[in-house]
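The values are calculated or read from the model by the stated rules, or taken from the named source; none is laboratory data. These numbers come from a predicted model, not from an experiment. Here Cβ is always computed from backbone atoms with ideal geometry, including for glycine, and neighbour counts include all displayed protein chains. For accessibility, only protein heavy atoms count, side chains too; no ligands or nucleic acids. Shrake-Rupley method; radii C 1.70, N 1.55, O 1.52, S 1.80 Å.
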Amino acid sequence: MLRDRDAPVTREGIILRVYGYDHPPGRYICDVEYAPETIYKSNIPKALRDGGRIRYYKFYEDEGLKFVFSNYPQYTLYYSPLKMRIVAISEEQALEIRRPQDGLSRLLGKGDAISKASLEVLNLIQELSKLRLKSFGVFGSLLHDFYRINLSDLDFTVYGVNELMELRQTLETLYKTRALTNEFDLIGPSSFVRWRFKKYNAKEYVWHQRRKLIYGVLNSKSLRRNIKFEFEPVLRWDEITNEYEDYLEVKTLGFIEAIVRVTDDHYAPFMPSKYGIEIIDLLKAPIKAEPIRIVSYVEEFRMQLFKDEIGFIAGWLEEVQTSDKSFQQIVLTRRERYYDQAFKLIKI
C-alpha cells in the first residue's frame, strides 16, 4: 500500500508523488515531480537537480501532468466521476517505491553535512517532546538523493494527527527560545514581487504561513549556514480513509464566494485539506448553495483556518453524488480562475 508523499519511480525514471489518500482500486493518483534529462529538459534554471549521479529536472505547475499525458499514457486513468483523465500508477508499473521514512534512515546513515543538519533539527525536537525518529521522513531531493550540500533545504514529513499537534507545540517553544527561527518571521510581503492571487495578498499569506509553525530556519553548526526546513503532515496508516469508491459523480456548479465558519479542522493539515464548514453569509453563488465542506488541493490553503474561526472562501462549488447521498462542497484546485481562489481568516 502507498500513501501521500510516497514516491513511485517508473521504468523511464519519472519520479511521481502519491497525492493524498483517495485512490481507485489498484492505482494511486499521483503528481509528477521529476524526470531525468534523458527524456526531459527544462528551460527553467531552478528546475535542475544535479546533486546525484543523474541530472533531473523538476516540473512546475501542470508541466508534469502534460508531459505524462502526451508521452506516457500508460500512467493515466480515466476518472469517471469528474469525466477526465488523471495520472495514476499501479505498484506493478513502478520500478521502485521510495518511502520518506526509509529515506530518512538512508540520509542519516550517510553522515554528511546535510545528514548532520537534519539531526540537529530532529534532536532539538526529540529533546523537548515524546516524538521519535519513526514519526518522521524526508521528501524531495533528500529522498531521491540528488540534494546539494550548499543549496538544499531540509524537507521532512511528520506522521499522524497527534504527532503533528505535538510537533507544532514543540516548534513554537523552540522558536520562542530562539533555538530555531520561524521562517516567516524573516520574510515580509515585499519578498513576493510577482504575487498573483487576487483576493489573498502577500501580507495575508505571510501571516497565515507564520502561524502554521511548520516552516523554520536552523542556524546549522554542521553546514555553517542557515538552512530552511519544513514538515509536511502525512496521516498514519490507521488514520486513513479512502473516499474514492464512494463517488459516483462530481459536478462543477460554478464559482462561489462566501463567509464561513470552520466546524471541523481534523484533516485541514493534510493533502487534500478538508474543512467542515457552515455558511455565515453567501456573497456570490451560481445557484442555491449549501456546501458542507471545503476541499483544497492548493498547498497555500492547507492548515489555513482552525476550528470555530471565520473566513472568506472563493472557489468552485461542486455537487458530489455518492451511492447513498449527495452534498455540495467548495473546491480549491488548479484550473481556470486559479488566482481568483482564496481562503483566509477574517474578522467580523
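For the stretch 95-116, does any single residue satisfy the condition of being acidic (Asp, Glu) and under 26 Å from Ile240 (Cβ atoms)? Scanning the stretch 95-116 turns up at least one residue that is acidic (Asp, Glu) and under 26 Å from Ile240 (Cβ atoms).
Here Gly103 fulfils each of the conditions (1) closer than 16 Å to Thr10 by Cα; (2) among the small types (Gly, Ala, Ser); (3) open to solvent by less than 20 Å² (accessible area, probe 1.4 Å) apart from (1).
If you go through the stretch 97-113 and keep only what is part of a loop (DSSP other than H, G, I, E, B) and among the basic types (Lys, Arg), you end up with just Arg99.
Considering only residues in the stretch 327-348 that are among the polar types (S, T, N, Q) and within 28 Å of Tyr60 (Cβ to Cβ), the one that is most open to solvent (accessible area, probe 1.4 Å) turns out to be Thr333. The set of residues in the stretch 252-275 being more than 26 Å from Val18 (Cβ to Cβ), of a type outside the set (A, V, I, L, M, F, W, C) and touching a residue at least 60 places away in the same chain (Cβ under 8 Å) consists of Gly254 alone.
Every residue, every condition in (1) modelled with pLDDT of 95 or more; (2) aliphatic (A, V, I, L, M); (3) within 30 Å of Leu119 (Cβ to Cβ), yes or no:
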| position | (1), (2), (3) |
| --- | --- |
| Phe197 | yes, no, no |
| Ala202 | yes, yes, no |
| Leu223 | yes, yes, yes |
| Glu232 | yes, no, yes |
| Glu245 | no, no, no |
| Gly254 | yes, no, no |
| Ala258 | yes, yes, no |
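Across the stretch 309-326, the number of residues qualifying as of a type in the set (Val, Ile, Thr) and open to solvent by 50 Å² or more (accessible area, probe 1.4 Å) comes to 0.
Being touching a Leu at 6+ places or on another chain (Cβ under 6 Å), over 28 Å from Arg302 (Cα atoms) and basic (Lys, Arg) is true of Arg11. Among all positions in the stretch 160-173, there is at least one residue which is free of Cβ contacts under 8 Å to residues at least 60 places away in the same chain and more than 28 Å from Arg3 (Cβ to Cβ). Screening the candidates Thr181, Thr170, Thr177 for the property of being at pLDDT 95 or above, surrounded by fewer than 16 Cβ atoms within 10 Å (Cβ to Cβ) and hydroxyl-bearing (Ser, Thr, Tyr) yields one hit, Thr177. Among the conditions (1) farther than 24 Å from Trp237 by Cβ; (2) without any contact (Cβ under 8 Å) to a residue 24 or more places away in the chain; (3) of a type in the set (D, E, K, R); (4) in a helix (DSSP H, G or I), Lys116 misses just one, which is (2). Flag: Val193 matches the condition of being without any contact (Cβ under 8 Å) to a residue 40 or more places away in the chain, farther than 18 Å from Lys228 by Cα and not small (Gly, Ala, Ser).
Determine if the stretch 76-84 includes at least one residue that is of a type in the set (D, E, K, R) and modelled with pLDDT of 95 or more. No, the stretch 76-84 has no match at all. Take Leu95 and decide whether it is without any contact (Cβ under 8 Å) to a residue 60 or more places away in the chain and either out of contact with any Phe, Trp or Tyr (no Cβ under 6 Å at 6 or more places or on another chain) or within 22 Å of Asp4 (Cβ to Cβ) (or both). For Leu95, the condition - without any contact (Cβ under 8 Å) to a residue 60 or more places away in the chain and either out of contact with any Phe, Trp or Tyr (no Cβ under 6 Å at 6 or more places or on another chain) or within 22 Å of Asp4 (Cβ to Cβ) (or both) - is not met.
So which residues in the stretch 127-163 are open to solvent by 20 Å² or more (accessible area, probe 1.4 Å) and assigned to a strand (DSSP E or B)? Correct list: Asp155 only. When Ala113, Ala35, Ala94, Ala88 are checked against the criterion of being surrounded by 13 or more Cβ atoms within 10 Å (Cβ to Cβ) and touching a Pro at 6+ places or on another chain (Cβ under 6 Å), Ala94 stands alone in meeting it. Within the stretch 50-68, the set of residues being under 17 Å from Tyr19 (Cα atoms) and open to solvent by 80 Å² or more (accessible area, probe 1.4 Å) comprises Glu61, Lys66. Pairing each residue of the stretch 16-40 that is at positive phi with any residue that is open to solvent by 30 Å² or more (accessible area, probe 1.4 Å) and not in a strand (DSSP E or B), provided the two are 6+ apart or on different chains, yields C-beta distances under 9 Å for Gly20/Tyr297; Gly26/Glu91; Gly26/Glu92.
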